[in-house]
Amino acid sequence: MLKIKNIGKNFGGVKAVDDLSFNVDKGEIVGLIGPNGSGKSTTINLICGVFPVDFGNISVNEQNISSLPTHERVASGISRTFQNIRLFKDLSVWQNIWVALQQDSDQSSGWMREWFGNSKLQKEKIKEILVFSGLGDRFDDLAGNLSFGEQRRLELARAIASKPKLILLDEPAAGMNSDEVADLRQRILDLKKLGLTVLLVEHVMELVMNVVDRIVVLNFGKKIAEGSPENIQNNKDVQKAYLGGA
Amino acid sequence: MSLYFVTILTNMTLISFIAISAYLILIVGEVSFGQQAFFGIGAYITATLTTLLGLDIVIALFFSFMVSASFALVLSVLTIRLSGFYFAVASLSFAELFRLSLYKIEYTVETNSGTVGPNGPEGFQNIRWIFENNVSPDNFLVIAVSSLLALIILLIFMENSKLFKNARLVGKDQIVAQSIGIRPFFYRVGFITLAGGVAGFGGGLFALFNTYIEPSMFGIMLGVHGLAYSIIGGLGYPLGPLIGVFIDIGLLESVRFLSEYRMILFGGLVAAILIIFPEGIISPRLISRIKRKLVKKTNA
């Protein structure tokens with residue numbers, strides 16, 4: 001599904017990501033962890049095309065996407081959530097989903113109509129996505145008025161609305177209490193049931209260890225370990241990276 | 001209507017084109033201090049085409065639109081990586097570059113209605129289209145107002161289109177817009193180009209109405225006023241810039257009896273409006289609140 005091959009990114013003299021390679025298979029949930037500043041978010045941004053890779057290759061379904069701009073990567077099936085929640089806060093909940101649904105071009109009506117005509121309301125589809133995300137009763141509310149946990153869910157719902165094959169979650173559990181984390185865990189498993197592939201960047205180990213199939217550990221932009229949650233917990237290098245010393 | 005009143009209304013209509021062009025750029029999230037240049041380009045193009053080539057006003061205004069839009073297209077492509085302050089400064093530099101070059105462009109022809117053609121600091125004189133065609137000030141006002149109305153109606157219809165919706169999303173948060181599959185640069189370039197064309201069209205009308213144009217008319221204060229009108233009026237709906245123009249010029253003229261004190265009063269008024277309505281009078285928030293009410297009503 002997602003193949004990352006020897007990618008690297010330098011910011012000035014800092015090697016934020018250095019010769020990183022890993023794969024994510026179809027239908028798998030992979031966790032990407034590492035101490036602060038280890039290059040996790042940079043990796044997500046490289047996959048989404050927020051900035052280009054300095055070297056290396058990123059491909060999705062055998063299609064090389066390393067040089068595509070962000071919006072074309074979305075079209076090839078990648079969508080994401082953000083570390084700091086980013087919603088259109090002055091739009092209502094359903095409008096936030098609608099804007100994502102609309103980007104899927106509708107061949108049946110012709111381009112004149114699609115771009116210049118009144119955009120059509122896909123109410124059933126919006127409702128379905130919101131119910132799936134546990135926001136069914138918040139349809140008409142303003143996105144900015146939702147609680148923190150709900151805003152996270154809305155972001156996830158918007159990511160689903162772009163009909164992705166691969167979802168990148170950038171620290172979705174940041175700032176959540178343990179009930180909310182448990183809810184989030186269930187939602188990530190639901191994504192898997194839909195057949196989606198998930199790459200999860202996360203600090204909250206309570207979530208990572210209980211949801212992922214496989215973990216990739218980064219430190220100083222390099223991969224230091226890869227394996228099942230149990231293997232990673234017992235890995236000496238990982239313990240050293242997190243706790244320091246011997 | 002008295003001539004005084006007609007002249008005020010015509011001026012308000014013409015400056016509305018600049019306000020709308022500033023508005024179009026503001027909705028994609030940029031600020032331009034250079035719309036006066038496109039107004040100027042349009043003015044010089046229409047002046048040249050109607051006097052030197054004797055073309056019809058419709059063709060002249062069409063070319064004003066197209067040429068100004070092309071300049072705006074070039075500017076937007078050159079500044080594709082600039083945003084915020086940097087774009088604002090780039091647009092201002094472009095406008096000043098244009099204005100200062102006008103002082104150097106001299107090409108005059110003697111005709112039986114006098115010397116015509118751009119003549120450096122002397123300006124472009126004897127744009128006699130309205131006299132030659134016996135267009136009275138009232139009739140010219142009708143032409144100007146109907147063009148403006150056509151533009152506004154078009155914009156209101158487009159407000160619900162995917163094109164305009166996406167443009168607003170790009171203006172709100174470019175990163176999110178990209179991440180749901182919107183191509184931000186397309187909207188930026190498209191709207192800056194369209195804004196240039198709209199300003200150029202208004203400039204063309206201005207040249208015909210004023211019968212005389214000179215480089216100093218297209219200084220930064222013209223662009224700043226256009227920008228201020230769309231900010232006072234709000235970015236929620238195409239009528240916003242018109243309300244801004246109306247408040248500024250309308251009120252300014254109505255308190256003329258206060259003579260020199262009226263500018264002081266006016267400054268305070270603008271400040272007060274922006275304190276009470278920080279996002280302008282017709283703010284996007286107000287529009288989305290109204291829309292939600294309407295949707296709820298149709299659902300109920």
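Observations, loosely collected:
- Summing Lys and Arg as +1 and Asp and Glu as -1 over all other residues whose Cβ lies under 10 Å from the Cβ of A:D213 gives a net charge of 0.
- In region B:97-145, the alpha-carbon atoms span a convex hull of 89 Å³ per residue.
- Vicinal HN-Hα couplings computed from phi for region B:15-26 (Karplus, 6.51 cos²θ - 1.76 cosθ + 1.60; Hz; Gly/Pro x): 6, 4, 5, 5, 4, 5, 5, 5, 4, 4, 6, 4
- Other protein chain Cβ atoms within 10 Å, averaged over every residue that makes up B:167-178: 4
- Interatomic Cα distance distribution for chain B, bins of 10 angstrom, percent: 6, 26, 34, 23, 9, 2, 0, 0
- The count of lysine pairs in region B:3-299 with alpha-carbon distances below 19 Å, taking only pairs 8 or more places apart or on different chains, stands at 5.
- All lysines inside 28 Å of A:K3 as judged from Cα atoms, apart from same-chain residues fewer than 8 positions distant: A:K15, A:K26, A:K40, A:K163, A:K165, A:K192, A:K193, A:K222, A:K223, A:K236, A:K240
- Cut-off under 5 Å, modelled amide H: who pairs with A:V17 long-range: A:K9
- Ranked from largest, the principal axis spans of the Cα set of chain A equal 63, 40, 32 Å.
- Under the criterion of Cα pairs below 8 Å and six or more residues apart, the relative contact order for chain B equals 31 percent.
- Relative contact order for region A:85-163, counting Cα pairs under 8 Å that sit 6 or more residues apart, in percent: 52
- Per residue, chain B reaches -22500 deg cm²/dmol at 222 nm when only DSSP H runs of four or more residues are counted, each adding -39500 (n - 2.57).
- Counted residue by residue at 0.36 nm each, then reduced by the alpha carbon distance between them, the extension gain from A:S59 to A:K123 reaches 19.6 nm.
- Put the Cα centre of region B:134-206 next to the Cα centre of region A:203-242 and the gap is 52 Å.
- At most 16 other Cβ within 10 Å, DSSP loop - GluC sites (Glu not before Pro), region A:38-115: A:E62
- Look at the alpha carbon pairs under 8 Å that are at least 6 residues apart: their mean separation over the length of region B:52-148 gives a relative contact order of 15 percent.
- Using alpha-carbon coordinates, inclination of helix B:35-51 to the longest axis of chain B, degrees: 40
- One equal scatterer on each Cα of region A:85-163, no solvent, Debye formula: the resulting log10 I(q)/I(0) at q = 0.12, 0.13, 0.14, 0.19 Å⁻¹ is -0.33, -0.39, -0.44, -0.75.
- The mean count of C-beta atoms from other chains within 10 Å of the C-beta of residues in A:159-168, rounded to a whole number, is 1.
- The protein assembly as shown: C-alpha gyration tensor shape, a/c 1.5 cut-off, then a/b vs b/c: prolate
Read the figures in this text as sums done on the coordinates, not as results from a lab. Please read all numbers here as calculations on a predicted model, not as lab measurements. Don't worry about glycine lacking a Cβ; one is built from the backbone with ideal geometry, like all the others, and counts go over all protein chains shown.
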